[in-house]
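One structure is given here, and the rest of the page talks about it.
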Amino acid sequence: MDAVRMHAASPESRAIVDSVLDYSRRRMLSDDVPLDKPQSPAELRRLAGRTITDDGLGAQRALSVFEHILAPACLTTSHPLYLSFIPTAPTIAAMAFDLVVSASGLYGGSWLEGAGAVHAENEVLSFLAGEFGLPDTAGGVFVQGGTIGNLSALVAARETAREKLVAAGRPAPARWKIVCSIEAHSSNKSAAKVMDAEVVAVPAGADGVLRADAVRAALEEHGDAVCAVVATAGSTNFGIVDDIAGIAALKDEFDFWLHIDGAYGLTAALAPEAKPIFAGVERADSLIVDPHKWLFAPFDCCALIYRDPDGGRRAHTQHAEYLDTLTDTEDFSPSDYSIQLTRRPRGLPLWFSLATYGVEAYRQAVSATIALTHRIAEEIDRRDGFTLVRDPQLSVVVFERDGWSRADYDRWSADLLDAQHAFVVPSSHAGRPNTRFAILNPLTTFDELVAILDTMG
Ligand SMILES: *Cc1c(COP(=O)(O)O)cnc(C)c1O
């Protein structure tokens, strides 16, 4: 009996499911979830005690430890006043459906095993590809995050560059090069490291924008060794978009793979007024956008889209005897398009949410956030003692409190969290300390942001 106890549908199982769903329901539907804050390992050890034991604590005690000790030691990253790094803000439908993904043993790696789930994910990917102006034939896969998305795209870029050189009878370079802005996200550098490729860090303008001239110079200097150019569609620190149209136009002169890192910002292309900022994305060979950032999906979810999915497939399909039955077919299997094999269909919560609310609700949510960001930026700009570091383009606003040292920001930020008021951490630019609001939660209000400014004196 004990061997099947953990899996059988029994009164004990029903009680476990009830209490977990009940907790989830309360949490999802609460309108005043606290920000919470981390605790030290020693404190957590003291409070939680030993939870892994030979006989088990039972669901009630284990859940109680989670609810009262562990969960409060986790920041609520979806809180409307969590304004640091890049927050998250899953919709109610997306959060709820995440439970379904876990409840059903859904496998999203192959068409054979997960056709229905993969079909729905692919519809979302096609929708996104269409929004960004890619052709109907574009496609890809939802991966864990932007880091894996960038790496997978850049590996596909390198394999394609290698194939082209081989076909032309030219030698492969000793070391491949990836051209990107000096302000590009760290994950691009990390991808280059994993690939043993070299990053050609091209200077951006004083406004943070990478422009075609600088990319042209890099392409002229490094020639065949360049396997990809990365343009950023919304830098993480400032939300600034590179001159994608200018960089994409270089494709008329040079043959290169254009990858768009839109993990945070590319979502803004859904807002009609912001769409022009992203002109040129339609010429991308690959792109990523993280639904767990501004597309209101739960962690962890990155949409990786190839203009020509075959390039991704040639780079990534894993071959093994036990997999032949999957790979020797024409079926569309998501695992073939990135660095992963087993995968949950992590695009399904986004699918359910989009299907539930419709696209227009998303456009409005994104537009409202951009408008709020510009409004608070104007407020900061006109306040005595405050300086905007750069004008915001999307939904990040970076500013200084005149005369503050790093220690002043540190103290203020810690006090804000201690008071459970807001989570706003210090940052810096060009060696000067500052702070930033990264806004994307539709529940964040102007008055709340002003109240945070008021705490800075
Ligand atoms: C967040 C981010 C990444 C990394 O994505 P993860 O999902 O955190 O791995 C890459 N690029 C940009 C521009 C980002 O904002």
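Residues in segment 153-181 that are under 27 Å from the mean Cα position of the chain (by Cα) and modelled with pLDDT under 95: there are none.
Just to be sure, is Ala269 touching a residue at least 40 places away in the same chain (Cβ under 8 Å), touching a Lys or Arg at 6+ places or on another chain (Cβ under 7 Å), in the same structural domain as Ala214 (by TED's automatic domain parsing) and within 16 Å of the ligand (Cβ to nearest atom)? Spelling it out, Ala269 is indeed touching a residue at least 40 places away in the same chain (Cβ under 8 Å), touching a Lys or Arg at 6+ places or on another chain (Cβ under 7 Å), in the same structural domain as Ala214 (by TED's automatic domain parsing) and within 16 Å of the ligand (Cβ to nearest atom).
The residues of segment 85-125 that are in contact with a strand residue (DSSP E or B) (Cβ under 7 Å, 6 or more places away or on another chain) and within 25 Å of Ile339 (Cβ to Cβ), listed by number, are Phe85, Ile86, Glu121, Asn122, Leu125. With respect to Ala225, is the statement that it is within 19 Å of the chain's Cα centre (by Cα) and touching a residue at least 40 places away in the same chain (Cβ under 8 Å) true? Criteria not met by Ala225.
Just one of the numbered conditions (1) closer than 15 Å to Ile305 by Cβ; (2) in contact (Cβ under 8 Å) with a residue 24 or more places away in the chain is not true of Pro87: (1). Where helices (runs of 4 or more DSSP H) fall wholly inside segment 351-454, the ranges with 2 or more residues that are under 30 Å from Phe97 (Cβ atoms) are 359-382. One residue stands out in segment 428-455 among those that are surrounded by 15 or more Cβ atoms within 10 Å (Cβ to Cβ) and of a type in the set (S, T, N, Q): the one that is farthest from Thr387 (Cα to Cα), namely Asn441.
Residues that are away from the ligand (no atom under 16 Å from the Cβ) and part of a loop (DSSP other than H, G, I, E, B) within segment 66-94 comprise Cys74, Thr76, His79, Pro80, Leu81, Thr91, listed in sequence order.
Being of a type in the set (Ser, Thr, Tyr) and within 11 Å of the ligand (Cβ to nearest atom) is a condition met by no residue of segment 160-177.
Pairs are defined by a Cβ separation below 7 Å, a sequence spacing of at least 6 or placement on different chains, a first member in segment 204-216 that is small (Gly, Ala, Ser), and a second member that is surrounded by fewer than 21 Cβ atoms within 10 Å (Cβ to Cβ) and part of a helix (DSSP H, G or I); the pairs so defined are Ala212/Gly246; Ala212/Ala249; Ala212/Leu250. Tell me whether segment 305-316 contains one or more residues that are within 15 Å of the ligand (Cβ to nearest atom), in contact (Cβ under 8 Å) with a residue 24 or more places away in the chain and either under 20 Å from Cys180 (Cβ atoms) or under 20 Å from the mean Cα position of the chain (by Cα) (or both). Yes, segment 305-316 contains at least one residue that is within 15 Å of the ligand (Cβ to nearest atom), in contact (Cβ under 8 Å) with a residue 24 or more places away in the chain and either under 20 Å from Cys180 (Cβ atoms) or under 20 Å from the mean Cα position of the chain (by Cα) (or both). The single condition among (1) within 16 Å of the ligand (Cβ to nearest atom); (2) touching a Leu at 6+ places or on another chain (Cβ under 8 Å) that Val209 does not meet is (2). Of Arg162, Arg170, all but one fail to be among the basic types (Lys, Arg) and either closer than 27 Å to Thr236 by Cβ or not in a loop (DSSP other than H, G, I, E, B) (or both); the exception is Arg162. Pairing residues of segment 55-69 that are touching a residue at least 24 places away in the same chain (Cβ under 8 Å) and among the small types (Gly, Ala, Ser) with residues that are surrounded by fewer than 16 Cβ atoms within 10 Å (Cβ to Cβ) and part of a helix (DSSP H, G or I), at Cβ distances under 8 Å and at least 6 apart in sequence or on separate chains, gives Ala59/Ala15; Ala59/Val20.
Inside segment 135-151, can you point out the residues that are under 12 Å from Pro309 (Cα atoms) and within 16 Å of the ligand (Cβ to nearest atom)? It would help to see each step written out before you state the result.
The initial filter retains those residues of segment 135-151 that are under 12 Å from Pro309 (Cα atoms), namely 135-141.
Correct list: Gly140, Val141.
Results for (1) within 25 Å of His421 (Cα to Cα); (2) among the aliphatic types (A, V, I, L, M); (3) outside the structural domain of Leu348 (by TED's automatic domain parsing), shown as yes or no for each residue.
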| position | (1), (2), (3) |
| --- | --- |
| Leu35 | yes, yes, yes |
| Ser40 | yes, no, yes |
| Leu47 | yes, yes, yes |
| Asp55 | no, no, yes |
| Ser64 | no, no, yes |
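Here is a check on your reading of the model: is Asp300 within 13 Å of the ligand (Cβ to nearest atom), surrounded by 17 or more Cβ atoms within 10 Å (Cβ to Cβ) and of a type in the set (Asp, Glu)? Against the criterion (within 13 Å of the ligand (Cβ to nearest atom), surrounded by 17 or more Cβ atoms within 10 Å (Cβ to Cβ) and of a type in the set (Asp, Glu)), Asp300 qualifies. Here is the figure for segment 116-134: residues that are in contact (Cβ under 8 Å) with a residue 60 or more places away in the chain and over 22 Å from Val366 (Cα atoms) total 4. When Gly169, Gly146 are checked against the criterion of being farther than 14 Å from Val199 by Cα and touching a strand residue (DSSP E or B) at 6+ places or on another chain (Cβ under 9 Å), a single residue qualifies: Gly146.
The values are calculated or read from the model by the stated rules, or taken from the named source; none is laboratory data. Fair warning: this is a prediction, and the values are worked out from it, not measured in the lab. FYI the Cβ positions are ideal-geometry reconstructions off the backbone, even for glycines, and counts take in every protein chain you see.
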